[in-house]
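Visitor: Below is a structure I'd like to ask you about.
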Amino acid sequence: MRRSDVLGALASQIGASVEATSFLLSLFIGYPIAILHRAFIHGKDVNVHHVFFTITGLAVYYFNFGLQFIHPIINIIVIYVLLRVAGGSKFSVAFAFLFNSAYLLYGYLEIDKREGYPINWSTPQCVLTLRLTALVLDLYDGKKSQDKLSKDQKENCISDIPSLLAMFGQCFYVGGMLAGPQFGMKKYLSFTRGEFSELMAKDASKEMQDSPPASVGPAMTRLALGIFYIILFQTGNILFSDDYFFTTQYQESGFLAKCAFILIWGQLHFRKYVGIWLICEGISILMGLSYNGKDVNGNILWDGVTNVKLYQLETSSTFREAIESFNHNTNKWMFRYIYKRLQFLGNKLVSQAVTLVYLAMWHGLATGYYMNFFLEFIMVNTENQIMVLEDRIPILHEVNRSSTLQPFLWLVRKVLLSFSISYALVSFCMLTHVKYLQIYSSVGYVGHIVYLGFPLIYLILMRLTKAQKKSDSKSQ
């Protein structure tokens, strides 16, 4: 039986596309690869690690995308030559941004995006684009004087150009090749050189010092959680499918029923990504790459490459909390390598807007991505304005500080946050304007009206509070 037949049969059983099934299988394949690494590669020479990660990563890549692995190979070699010729220069930074982004856009232009959200070679190319761009910037920072670097830059910068083999190893590392997470060359080299193992072994017995990290339990926990979230999405998607938006039954339902459907549908899709990242994280925990020091009690922390802070995500009631806990490494990358380097613009809102435009472009060319991040921009801005008003208006300040009302306020915020995220995800998942505008129109563009209209309310309330303060000061 051919590979396509097997995947097709499995895909029909679980209710997913062949591409998604192949992709998910590849994530699970990372675990036996991690077991092989623990059994035969742990403690070996650094180049053995690089070769192992390159070969296994290429094999998984070929399983998914065939000979398209030529694209990441070309991209890696071009950046390696760039580092050799002009590494550490401003030219290298500009060239890397332009070339890596252009290569990714070429991938989007080459592939037909009309049929939903395809999984193809541009999917891991997204990860590679950020990884190689970060490498060039980290070397650029490493060539600067240390007193000119921020704490964050000092932790990630490198002073020497890595070997081509090391670059292949980092980029084809199976635990981060397909869906992230992002991690720098400095962390990867510390891992492959055994520096993490040395730190973990300080207080261990002689037998334990030569053994793979004691990370099986934490890794299996993340794997189990990831599988749970994937199953949650797959089963929920049966009742809350994309197709239902375009049925007569949905169109004839009431406003609140439509909003409720959007809320639940969006949260299911939201957790699909959570499941994928948890599975990826478990691979890095199993190998030891995710080592992040020890807590105050001497317990090892395995959150070095976490992409989702699960408890914070599930209990978040503000956009700020949700952004900090969801797609954590990508958001951190955007903050570190885009937002913070736009300080010369002198305006945080402009820097935020430019960062979100780049983030949308990084996801693809479909208009849905740009609509999604536009909505995120105005939603976060509205939340910031509400926080200002809470401090300005006494009754809002008192309500917000009331311990009795906190459970009720949390619930209201949680529902509003969940609906807002789901509302934005409509465009992210539907991609084409024909589809997402039809859904938005079915609820009267309620999200657009509320979040675009609130700045006007904000200005009016700010003027009223200023006038009230002046009146109070005169009466005194």
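The values are calculated or read from the model by the stated rules, or taken from the named source; none is laboratory data. All values derive from a computational prediction rather than experimental measurement. Using ideal geometry, Cβ is built from the backbone for each residue, glycine included, and neighbour counts are taken over all protein chains shown.
Visitor: I'd like the full set of residues that are free of Cβ contacts under 8 Å to residues at least 40 places away in the same chain and under 24 Å from ILE285 (Cβ atoms), limited to the stretch 1-30.
Guide: Passing the criteria: only LEU25.
Yes/no per residue for (1) outside any helix (DSSP H, G or I); (2) at positive phi; (3) more than 25 Å from the chain's Cα centre (by Cα):
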{"residue": "VAL380", "(1), (2), (3)": "no, no, no"}
{"residue": "GLN385", "(1), (2), (3)": "no, no, yes"}
{"residue": "VAL388", "(1), (2), (3)": "no, no, yes"}
{"residue": "ASP391", "(1), (2), (3)": "no, no, yes"}
{"residue": "SER403", "(1), (2), (3)": "yes, no, yes"}
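Here's the yes/no breakdown for (1) at pLDDT 95 or above; (2) more than 30 Å from CYS157 (Cβ to Cβ); (3) buried (at least 17 other Cβ atoms within 10 Å of the Cβ):
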position	(1), (2), (3)
PHE28	yes, yes, no
ALA34	yes, no, yes
PHE40	yes, yes, no
HIS71	yes, no, yes
ILE74	yes, no, no
VAL85	yes, no, no
SER92	yes, no, yes
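Visitor: Also: What are the residues in the stretch 273-314 that are farther than 20 Å from LEU178 by Cα and outside any loop (DSSP other than H, G, I, E, B), if any?
Guide: Within the stretch 273-314, LYS294, ILE300, LEU310, TYR311, GLN312, LEU313, GLU314 meet the criteria.
A quick yes/no check of all residues on (1) aromatic (Phe, Trp, Tyr); (2) modelled with pLDDT under 90; (3) in a helix (DSSP H, G or I); (4) touching a Ser or Thr at 6+ places or on another chain (Cβ under 9 Å):
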| position | (1), (2), (3), (4) |
| --- | --- |
| ALA102 | no, no, yes, no |
| GLY116 | no, yes, no, yes |
| LEU135 | no, no, yes, no |
| LYS144 | no, no, no, no |
| ALA166 | no, no, yes, yes |
| TYR173 | yes, no, no, yes |
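Visitor: Output the residues belonging to the stretch 232-249 that are more than 25 Å from ALA179 (Cβ to Cβ) and crowded, with 16+ Cβ neighbours inside 10 Å.
Guide: Correct list: PHE245 only.
Visitor: Read through the list (1) surrounded by fewer than 18 Cβ atoms within 10 Å (Cβ to Cβ); (2) in contact with a Cys (Cβ under 8 Å, 6 or more places away or on another chain), then give the number of the only condition that TRP410 fails.
Guide: Every condition holds for TRP410 apart from (2).
Visitor: Related question: Exactly one of (1) touching a residue at least 24 places away in the same chain (Cβ under 8 Å); (2) surrounded by fewer than 16 Cβ atoms within 10 Å (Cβ to Cβ); (3) assigned to a helix (DSSP H, G or I) is unmet by PHE270. Its number?
Guide: Here PHE270 clears every test but (2).
Visitor: Out of LEU431, LEU356, LEU437, I need the residue that is touching a helix residue (DSSP H, G or I) at 6+ places or on another chain (Cβ under 6 Å) and within 28 Å of GLU252 (Cα to Cα). Which one?
Guide: Numbers: LEU356 fails: within 28 Å of GLU252 (Cα to Cα); LEU437 fails: touching a helix residue (DSSP H, G or I) at 6+ places or on another chain (Cβ under 6 Å).
Going through LEU431, LEU356, LEU437 in turn, just one is touching a helix residue (DSSP H, G or I) at 6+ places or on another chain (Cβ under 6 Å) and within 28 Å of GLU252 (Cα to Cα): LEU431.
Visitor: Of the residues GLY8, GLY30, which single one is in a helix (DSSP H, G or I) and closer than 21 Å to PRO124 by Cα?
Guide: On the way: GLY8 fails: closer than 21 Å to PRO124 by Cα.
When all the criteria are applied, what remains is GLY30.
Visitor: Being over 14 Å from the mean Cα position of the chain (by Cα) and small (Gly, Ala, Ser) is the filter here; which residues of the stretch 290-347 pass it?
Guide: Scanning the stretch 290-347 gives SER290, GLY293, GLY298, GLY304, SER316, SER317, GLY346.
Visitor: Counting only residues that are closer than 16 Å to TYR337 by Cβ and not hydrophobic (A, V, I, L, M, F, W, C), how many does the stretch 89-108 have? Reasoning before the result, please.
Guide: Narrowing the stretch 89-108 to residues closer than 16 Å to TYR337 by Cβ: 90, 92-101, 104.
From what is left, the residues that are not hydrophobic (A, V, I, L, M, F, W, C) are 90, 92, 100-101.
Going through the stretch 89-108 one residue at a time, the tally reaches 4.
Visitor: Given the structure, is GLU321 farther than 30 Å from LEU139 by Cβ and free of Cβ contacts under 8 Å to residues at least 60 places away in the same chain? Spell out the reasoning first.
Guide: Details: farther than 30 Å from LEU139 by Cβ: yes; free of Cβ contacts under 8 Å to residues at least 60 places away in the same chain: yes.
Against the criterion (farther than 30 Å from LEU139 by Cβ and free of Cβ contacts under 8 Å to residues at least 60 places away in the same chain), GLU321 qualifies.
Visitor: Got a number for residues in the stretch 190-234 being hydroxyl-bearing (Ser, Thr, Tyr) and at pLDDT 95 or above? Write out each step before concluding.
Guide: Within the stretch 190-234, the first condition is being hydroxyl-bearing (Ser, Thr, Tyr), and the residues that meet it are 190, 192, 197, 205, 211, 215, 221, 229.
Right, trim to at pLDDT 95 or above and you get 190, 192, 215, 221, 229.
Residues that pass the stated criteria total 5.
Visitor: Now, a different point. Of LEU411, LEU349, LEU417, LEU389, which residue is within 30 Å of ASN237 (Cα to Cα), touching a residue at least 12 places away in the same chain (Cβ under 8 Å) and not hydroxyl-bearing (Ser, Thr, Tyr)? Write out each step before concluding.
Guide: Working: LEU411 fails: touching a residue at least 12 places away in the same chain (Cβ under 8 Å); LEU349 fails: within 30 Å of ASN237 (Cα to Cα); LEU389 fails: within 30 Å of ASN237 (Cα to Cα).
Testing whether each residue is within 30 Å of ASN237 (Cα to Cα), touching a residue at least 12 places away in the same chain (Cβ under 8 Å) and not hydroxyl-bearing (Ser, Thr, Tyr) leaves just LEU417.
Visitor: Also, I was wondering about something else. Which residues, counting only those in the stretch 43-67, are buried (at least 19 other Cβ atoms within 10 Å of the Cβ) and within 29 Å of GLY8 (Cα to Cα)? Give the steps one after another, and end with the answer.
Guide: Step one: filter the stretch 43-67 for residues buried (at least 19 other Cβ atoms within 10 Å of the Cβ), giving 49-50, 52-54, 56-57, 60-61, 64-65.
PHE53, THR54, THR56, GLY57, VAL60, TYR61, ASN64, PHE65, listed by residue number.
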